[in-house]
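S.K.: Could you have a look at this structure, given as structure tokens, before my questions?
What follows draws every value from the coordinates through simple rules; no lab data is involved. Computed from a predicted model, the values in this text were never measured in an experiment. Virtual Cβ from ideal backbone geometry, glycine too; neighbours counted across all protein chains shown.
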Amino acid sequence: MNESLRLAVVGVGHLGRHHARILSGLAGVELVGVVDRNWPRAQEIARGHGVQAYPDVSALPSDIDAVAIAAPTEVHHALARPFLERGVSVLVEKPIARTVEEADDLLAAAAASGATLAVGHTERYNPAVAAALPLVDRPGFVEVHRLGTFPERSLDIDVVFDLMIHDLDVLLATVRAEVTSIDAVGVPVLTDRVDIANARLRFSSGCTANVTASRISRERVRKVRFFQKDAYVSIDYASQELEHWSLARREGRPPAIEGGKVEVVREEPLKLELADFARAVRTRTAPLVSGADGRRALALAQRVTDAIARGRGVQDE
């Protein structure tokens with residue numbers, strides 16, 4: 001591998017332009033170009049970072065080490081697979097693909113070539129989440145709210161795959177148990193896809209999680225609260241704030257509630273994600289959020305949407 005990791009960004013729209021911004025200044029990384037089917041946008045982003053714009057992935061230099069794919073979900077598999085087959089490492093934005101079958105195919109291609117496959121579940125790189133992980137211990141109930149204003153992006157997928165999947169991934173990483181049952185409701189409001197959804201997940205550990213996601217709210221809310229024996233952990237994803245309260249028991253004295261805000265060193269989660277990807281490619285070790293993790297989150301999101309479809313009397317595809 002070259003001294004600097006040679007990396008390109010495929011798709012420089014709403015999120016991809018931030019990939020290009022961060023990678024252009026990331027130590028040990030050389031941003032060699034950007035690709036977008038919107039040619040004026042590709043040229044604009046490329047000029048801003050002093051790199052080459054390309055109209056198609058086939059025009060990229062053959063000696064790149066890795067790519068970050070921030071294109072629409074519907075083309076994740078088609079874009080990522082040829083790179084993985086060539087041994088070029090891939091960071092693909094969430095969800096990893098449209099279907100579990102496509103995800104499995106990407107995992108197989110990465111395993112065959114030895115390329116690194118990472119998935120962009122940025123909340124796992126949120127410093128507040130990282131600080132909370134040691135504090136979460138066998139939660140009994142989890143309450144999640146992720147409310148956003150109507151977007152001009154990601155309308156090729158419903159709100160479960162667009163927003164809720166972030167929290168499904170965090171739940172899998174924190175509860176660490178199998179989901180045994182799902183009750184879910186959801187309705188389309190401003191599009192022909194589900195725009196607001198609620199899911200009640202029950203885990204084999206006994207934990208229950210109530211997860212709400214909406215992309216039609218007038219305010220932005222991104223919070224998760226864990227309730228466990230003698231303790232409460234609260235995360236505000238957006239402000240990167242963490243609270244931990246616990247019941248202190250002392251002999252001869254009444255129990256007391258102690259705790260408060262936990263210090264969190266704030267950092268841009270996407271920057272941490274890209275730095276972790278570069279580290280994983282360079283050291284040939286696993287990224288924090290692997291392709292397998294992305295596949296598990298996708299599979300759970302599909303189970304949620306299937307439950308919504310059954311509840312609405314819609315025939316499963």
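S.K.: Counting alpha carbon pairs within less than 8 Å and at least 6 residues apart, what relative contact order, in whole percent, applies to the chain?
M.R.: Numbers: 676 pairs, mean separation 56.3, N = 317.
Reported as a whole number, the value is 18 percent.
S.K.: Let me ask you something else. Where does helix 39-49 land angle-wise versus the long Cα axis of the chain, in degrees 0 to 90, nearest 10?
M.R.: Helix 39-49 and the main axis of the chain meet at about 80 degrees.
S.K.: Any idea what angle helix 291-311 forms with the longest principal axis of the chain, computed on alpha-carbon atoms, 0 to 90 degrees, nearest 10?
M.R.: The angle comes out near 60 degrees.
S.K.: Still on this structure: Can you classify region 35-84 as rounded, prolate or oblate using the Cα gyration tensor, where a ≥ b ≥ c are the square roots of its eigenvalues, rounded means a/c under 1.5, and otherwise it's prolate if a/b beats b/c and oblate if not? Could you put the intermediate results ahead of the total?
M.R.: On the way: a/c = 2.15, a/b = 1.36, b/c = 1.58.
Here region 35-84 falls in the oblate category.
S.K.: Further question: Let me have the relative contact order for region 5-121, percent, based on Cα pairs under 8 Å that are six or more residues apart.
M.R.: Details: 233 pairs, mean separation 26.7, N = 117.
The normalised contact order for region 5-121 reaches 23 percent.
S.K.: Based only on Cα atoms, what Rg/Rh ratio does region 19-133 have, Rh being taken as Kirkwood's radius? Working shown, then result.
M.R.: Values: Rg = 14.8 Å, Rh = 15.1 Å.
That ratio equals 0.98.
S.K.: First check a/c for the chain, with a ≥ b ≥ c the square roots of the eigenvalues of its C-alpha gyration tensor; if it is under 1.5, answer rounded, and if not, answer prolate when a/b is larger than b/c or oblate otherwise. Intermediate results must be reported in sequence, preceding the final value.
M.R.: Working: a/c = 1.90, a/b = 1.47, b/c = 1.29.
Verdict is prolate for the chain.
S.K.: Pick from 88, 304, 221: which residue has the top mean-square fluctuation in a GNM of the chain where Cα pairs under 10 Å get a spring?
M.R.: 221
S.K.: Pick from 283, 212, 174: which is most flexible by mean-square fluctuation in a GNM of the chain where alpha carbon atoms under 10 Å apart are linked?
M.R.: 283
S.K.: Taking the chain as the reference, fit the longest principal axis to its C-alpha atoms, fit the long axis of helix 76-85 to the helix C-alpha atoms, and give the angle between the two in degrees, 0 to 90, nearest 10.
M.R.: Between the helix axis and the principal axis of the chain, the angle is about 60 degrees.
S.K.: Restricting to the chain, what percent of DSSP beta bridges are antiparallel, rounded to 5?
M.R.: Numbers: 43 of 71 bridges.
The answer is about 60 percent antiparallel.
S.K.: Over all directions, average the projected area of the Cα convex hull of region 169-317 and note it in nm².
M.R.: Details: hull surface 52.4 nm².
The orientation-averaged projected area of the Cα hull of region 169-317 comes to 13.1 nm².
S.K.: Please state the shape class of region 242-304: rounded when a/c is under 1.5, otherwise prolate if a/b exceeds b/c and oblate if not, all from the C-alpha gyration tensor. Present the calculation step by step, with values, prior to reporting the outcome.
M.R.: Details: a/c = 3.16, a/b = 1.96, b/c = 1.61.
Prolate, because a/c is 1.5 or more and a/b exceeds b/c.
S.K.: Let me ask something additional. Can you give the Rg to Rh ratio of region 66-171, both from alpha-carbon atoms, with Rh computed by the Kirkwood formula? Don't skip to the answer; put the middle values down first.
M.R.: On the way: Rg = 15.5 Å, Rh = 15.2 Å.
Using only Cα positions, Rg/Rh for region 66-171 is 1.02.
S.K.: Right, something else. Could you pull out every residue, at least 5 positions away or on a different chain, whose amide H is within less than 5 Å of the one on residue 51? Hs are placed 1.01 Å off N in the peptide plane, and Pro or chain starts have none.
M.R.: For residue 51, whose amide H was placed from the backbone, there are no distant partners under 5 Å.
S.K.: Continuing with this model, one more query. Mind putting a number on the dipole of region 1-105 about its Cα centre? Charges go on the C-beta only, +1 for Lys and Arg and -1 for Asp and Glu, and I need it in Debye to the nearest 20.
M.R.: 420 debye
S.K.: Then there is this: If you keep only loop residues by DSSP, which GluC sites (Glu not before Pro) in region 201-259 have at most 14 other Cβ atoms within 10 Å of their Cβ?
M.R.: Details: sites: 219, 241, 243, 251, 258; in loops: 219, 251.
For GluC sites (Glu not before Pro) across region 201-259 that sit outside H, G, I, E and B with at most 14 neighbouring Cβ atoms in 10 Å, the list reads 219, 251.
S.K.: In a GNM of the chain with a 10 Å cut-off on Cα contacts, which of 249, 220, 37 has the highest mean-square fluctuation?
M.R.: Most flexible of the set in this elastic network: 249.
S.K.: Going 7 Å from the Cα of residue 133 toward and past its Cβ, which residues in region 268-293 have a backbone nitrogen under 14 Å from where you end up?
M.R.: 272-273, 276-277, 286-290, 293
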